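Shown next, in structure tokens, is the structure this report addresses.
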Amino acid sequence: MQFVYAKILKYPKVVIAIVVLFTIVFGVYARRVGITTDIKAFFPEDHPQVISYDEIGEKFGGADRIMVALTTADVFTVTNLRSIEQLTQEIQQIPGVTNVRSLTTIEEIAGSDWGIEVVPLIGEIPTDQQGMDLLRTRVLGDEMYVGTIVSSDATGALHVAEVDPDYDAVEVALAVQERLSSMDVAEGKLYLTGTPVLNAVLADSMQADLMKLLPVVLLLVAFVLYLYFRNLRGVILPFITVLISVVWTLGLMGLMGKQLSPLNAVMPVLLVSLGSAYGIYIIARYNDELLQGADKEKAVNQTLKSVGISVLLAGATTIAGFASNASSSITLMKDFGLFTAYGVLVALLISLTFIPAMLLLLPVPKKIATQRSNEQQGVLLTILARVAHIVTQKKRQVLMVMAAILVVALLGIPRLSTDSNFFNFFADDTGPKIAYEMVKDKFSGSESVEIVIRGDVLDPELLHAMRDFQSDLEQTGLVGHPQSIINILERVNMALNDGDPSFEILPTTRELAAQYLLLMEMSGGEMLEQFVTLDYEQARIQALVKDSSNEATTRLFSEIDRLFMEYFGDLDVEVTQTGIIALLDALASMIIDGQISSLFTALVTVFVIVLLLLRSWEGSLFSTAIVASTILINFGLMGWLGIPLDIVTVLISSIGIGVGVDYSIHIYTRYQEERQAHDPVQSVTRAIMHTGKSIVTNAGSVIAGFLILLLSSFPPFQYFGSLVTGTMFVASASALTVLPALILVRWESKEKTRKEVIQRS
């Protein structure tokens, strides 16, 4: 380190020039970073669920669906049916839409002179009341249409647009949205929903929030810094640090082809709030050295020697905290951890190189904030003095209060839930959520579970097993009417028997099943290819999910697993389940598993780093215990407040570890420094009084920055802001109270033991 410090002192202009050059280069690549909301981006490319999901789209189509719902007093009017027809035609013309299933395009299987034919359900829109009443009776009496195309009360009609897998589903959704904006329906209202729509709105909301909130965060952090330093360099230098950190991080993402996502969109705000910390400690100590009579060069040199190690240690543990997410199976969480760790590393390096170089070139300030008397500093020093007094006089009471808080937190942890449903990312009064809830209420749902059967599809035993599986699955009440090749075969048999409903049964032989499917192929309809491959070796069962909450989907997949074993366990078939719902369920499990593994990795890594650099078992254990307690309190608070663990709030623990431990490190290293000349009580007091100012300032800037997220229109961002605020408060307060109390209690215990040994000898 001394070699590096010497080079900085000797060549400050070179250091600055290198930083500026790299910033320009990374700035070019930073412009390439976009935003993605594709749920598949959370998974590794070789994840079984992703592979299955892509196969559905390639073999059957319709993996991504856009839904346009029309609500009206009565669907079955000439005006409304014509509106449905026009909407269908308009959506069908959009590039990337393979087909649109609606009331005016759905087909039915009818008998003919030569066998069967597939004809439109509505050949021509009835213009007389008798014809309209007959159509109403036919549609509402058919379970294949009710809940999927039309609502049971005939007040809603659904248009389901399937997206070509070769097209960007979000871009197609935006095109549909634009097309609908120029259309009007005479007797109803239009609602747009579906995962591609959600992703499009989510990306726009994230971008708008970042553009709106980031400048406010910058202003608040600047205000906090100015209150502490009372000069522009105290604001500008930490600001330069965080801006360089953000540019370099986004630049590296652009260079590697990475994008921002709902999970890492907070990273710029995070780096702005956290990256200033190291500069605060450097500048504060530099000012202290100037006050003690050191010249500029000596002040910089002494600053790097005194706080350089603690800043380096704090940075290392922060990096370790974020980098621990590299063990996560969630791809975007891994990216968040690695790129945030990189951003912190940049902020650390800039603070230890660029800021000292700038201090060497800038003139000594005429007025230093720390030059003010205790009376002038007023409130902050008074509070810290009071804190030091309480800690030194009532250390055991402090620990008892912390223990009580931990007990309450632990009681709240069992109430903690997970939520991976993207629709819950929107407030109840927003367009996407209103549309989602409307479709869920009037129809069977907006998302489906997809089940693929691999085997001899023509085998009557397998066909009957599929029929019984579908029937029992519907009976759970968790899905709408499942549809598959079973429904087609039954309808073909009925059509061949003059439409007699008693013949809506499966063929009894393999040969008869093959004949029925051949008739369907010859009829020219599009129904068959949606549910079976041309070689008849794979069949698809599709069912709309009525409730996509984590609790409901957990129950659903539990029932599916049970029915799998009951109906397919003894057959020579392979059964897989996928769809957006399955991806969300897998993501929820990965969130929990990843949280446990990353937390363990982070805590162990932080303990080892602190131990190696502090060379103190006591300091390492205490610091790790403080940050572990902070995480437990955060989880408990989430449980008590009903805040779910989702793809955004799951990041809080790594932030708590990475940043929270910094405060403990700075207190403990200052305590060790003071112990060279003072007793433990005095050392603790001086550590709280001197280092406490920087801790309060840093925590204040972080809290101020993240409180702004409460103004976001994005609920997870709101939760994230409030939880980071709470975590930083607990971490900083614990470092200023609990850690010193632990130090003093441990010292008294060792003193008591030492005296007992002396007495015995």
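The values are calculated or read from the model by the stated rules, or taken from the named source; none is laboratory data. Everything quoted here is computed from the prediction, not taken from an experiment. No Cβ is skipped: glycine too gets one built from the backbone with ideal geometry, and neighbour counts run over all protein chains shown.
All of A316, A284 fail the test of being under 35 Å from the mean Cα position of the chain (by Cα), in a helix (DSSP H, G or I) and modelled with pLDDT of 80 or more, apart from A316. Residue pairs whose Cβ atoms lie under 8 Å apart, separated by 6 or more positions or on different chains, with the first residue in the range 664-689 and assigned by TED's automatic domain parsing to the domain that holds A284 and the second of a type in the set (D, E) and modelled with pLDDT of 90 or more, do not occur.
All conditions but one from (1) touching a residue at least 60 places away in the same chain (Cβ under 8 Å); (2) farther than 30 Å from L250 by Cα apply to T37; the one that does not is (2). Applying the condition of being under 34 Å from the mean Cα position of the chain (by Cα) and polar (S, T, N, Q) to the range 654-700 and asking which residue is nearest to A602 (Cα to Cα) yields S654. Considering G477, G455, G445, the condition of being of a type outside the set (S, T, Y) and either within 12 Å of Q542 (Cα to Cα) or in contact with a strand residue (DSSP E or B) (Cβ under 6 Å, 6 or more places away or on another chain) (or both) is satisfied by G445 alone.
Scanning the range 16-35 for residues that are of a type in the set (A, V, I, L, M, F, W, C) and within 25 Å of D204 (Cα to Cα) gives F26, V28, A30, V33, I35. If you check D46 against the conditions, is it of a type outside the set (A, V, I, L, M, F, W, C) and surrounded by 21 or more Cβ atoms within 10 Å (Cβ to Cβ)? Answer is no for this residue. The single condition from (1) surrounded by 20 or more Cβ atoms within 10 Å (Cβ to Cβ); (2) β-branched (V, I, T); (3) under 30 Å from A625 (Cβ atoms) that I390 fails is (1). All of S102, S112 fail the test of being modelled with pLDDT of 90 or more and either of a type in the set (S, T, N, Q) or not assigned by TED's automatic domain parsing to the domain that holds K189 (or both), apart from S102.
Annotation note: Cβ proximity below 7 Å between a residue of the range 328-356 that is touching a residue at least 12 places away in the same chain (Cβ under 8 Å) and within 30 Å of V50 (Cβ to Cβ) and a residue that is surrounded by 23 or more Cβ atoms within 10 Å (Cβ to Cβ) and of a type in the set (F, W, Y) (sequence gap 6+ or interchain) occurs for I330/F42; T331/F42; L332/F42; G337/F322; T340/F322; A341/F322. For S245, the requirement of being assigned to a helix (DSSP H, G or I) and either outside the structural domain of D335 (by TED's automatic domain parsing) or modelled with pLDDT under 85 (or both) is not met.
Can we say I643 is in contact with a Phe, Trp or Tyr (Cβ under 9 Å, 6 or more places away or on another chain), more than 19 Å from V391 (Cβ to Cβ) and touching a residue at least 24 places away in the same chain (Cβ under 8 Å)? Against the criterion (in contact with a Phe, Trp or Tyr (Cβ under 9 Å, 6 or more places away or on another chain), more than 19 Å from V391 (Cβ to Cβ) and touching a residue at least 24 places away in the same chain (Cβ under 8 Å)), I643 qualifies. Going by what's in this entry, would F531 be described as in contact with a helix residue (DSSP H, G or I) (Cβ under 6 Å, 6 or more places away or on another chain) and either aromatic (F, W, Y) or surrounded by fewer than 20 Cβ atoms within 10 Å (Cβ to Cβ) (or both)? Spelling it out, F531 is indeed in contact with a helix residue (DSSP H, G or I) (Cβ under 6 Å, 6 or more places away or on another chain) and either aromatic (F, W, Y) or surrounded by fewer than 20 Cβ atoms within 10 Å (Cβ to Cβ) (or both). Restrict the check to the range 49-71 and report whether at least one residue is modelled with pLDDT of 90 or more, of a type in the set (A, V, I, L, M) and under 30 Å from D498 (Cα atoms). No: zero hits. Would you point out the residue of the range 548-607, among those that are part of a helix (DSSP H, G or I), among the small types (G, A, S) and touching a residue at least 60 places away in the same chain (Cβ under 8 Å), that is nearest to P460 (Cα to Cα)? Per the criteria, the residue is A582.
Here the condition is being at pLDDT 85 or above, crowded, with 22+ Cβ neighbours inside 10 Å and at negative phi; of T697, T725, T691, it holds for T691 alone.
Matching residues to (1) surrounded by fewer than 24 Cβ atoms within 10 Å (Cβ to Cβ); (2) farther than 22 Å from L214 by Cα; (3) at pLDDT below 90:
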position: A677; (1), (2), (3): yes, yes, yes
position: R686; (1), (2), (3): yes, yes, no
position: V702; (1), (2), (3): no, no, yes
position: L711; (1), (2), (3): yes, no, yes
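Annotation: V300 fulfils all but one of (1) over 24 Å from F223 (Cβ atoms); (2) at pLDDT 80 or above; (3) surrounded by fewer than 24 Cβ atoms within 10 Å (Cβ to Cβ); the unmet one is (3).
Yes/no per residue for (1) surrounded by 15 or more Cβ atoms within 10 Å (Cβ to Cβ); (2) touching a Lys or Arg at 6+ places or on another chain (Cβ under 9 Å):
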site: I149; (1), (2): yes, yes
site: D153; (1), (2): no, yes
site: V160; (1), (2): yes, yes
site: L180; (1), (2): yes, no
site: K189; (1), (2): no, no
site: P196; (1), (2): yes, yes
site: L202; (1), (2): yes, no
site: L232; (1), (2): no, no
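L611: over 16 Å from L723 (Cα atoms), at pLDDT 80 or above and not polar (S, T, N, Q), yes or no? Here the answer is yes, as L611 does meet what is asked. Here I631 fulfils each of the conditions (1) in a helix (DSSP H, G or I); (2) assigned by TED's automatic domain parsing to the domain that holds A465 apart from (2). Screening the range 511-528 for residues that are without any contact (Cβ under 8 Å) to a residue 60 or more places away in the chain and in contact with a helix residue (DSSP H, G or I) (Cβ under 6 Å, 6 or more places away or on another chain) and picking the one that is surrounded by the most Cβ atoms within 10 Å (Cβ to Cβ) gives Y516.
Across the range 588-618, the qualifying residues are those that are over 30 Å from R555 (Cα atoms) and buried (at least 23 other Cβ atoms within 10 Å of the Cβ), and the one among them that is nearest to the chain's Cα centre (by Cα) is A602.
When A316, A326, A284 are checked against the criterion of being over 30 Å from H47 (Cα atoms) and either surrounded by fewer than 19 Cβ atoms within 10 Å (Cβ to Cβ) or in contact with a Lys or Arg (Cβ under 8 Å, 6 or more places away or on another chain) (or both), a single residue qualifies: A284.
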